[in-house]
Amino acid sequence: MNGPGPLGAFLQARRERLRPEDVGLRDLGPRRRVAGLRREELAQLAGVSAAGTRRTRCSRS
């Protein structure tokens, strides 16, 4: 399977809608490659590793 899969696409869409300020994180500057939260910021909020969020987005265990 190529691409993020349905769950990954859903999570990515939700992540793109949030800004760090929206969830109480400090914005570290204007240089963002994509809109929304970075994977590391999402992982910090969820209390999991960045690799864990990557596996979930790619629908792998």
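Odds and ends about this structure:
- Against the conditions (1) at pLDDT below 85; (2) on the phi > 0 side of the Ramachandran plot; (3) surrounded by 15 or more Cβ atoms within 10 Å (Cβ to Cβ), GLY3 satisfies every one except (3).
- Per-region count, segment 27-50, residues assigned to a helix (DSSP H, G or I) and open to solvent by less than 70 Å² (accessible area, probe 1.4 Å): 5
The values are calculated or read from the model by the stated rules, or taken from the named source; none is laboratory data. Worth saying up front: this structure is predicted, and the values here are computed from it rather than measured. Backbone-built Cβ (ideal geometry, glycine too); neighbour counts: all protein chains shown. Note: areas computed on protein heavy atoms with side chains; ligands, DNA, RNA excluded. Shrake-Rupley method; radii C 1.70, N 1.55, O 1.52, S 1.80 Å.
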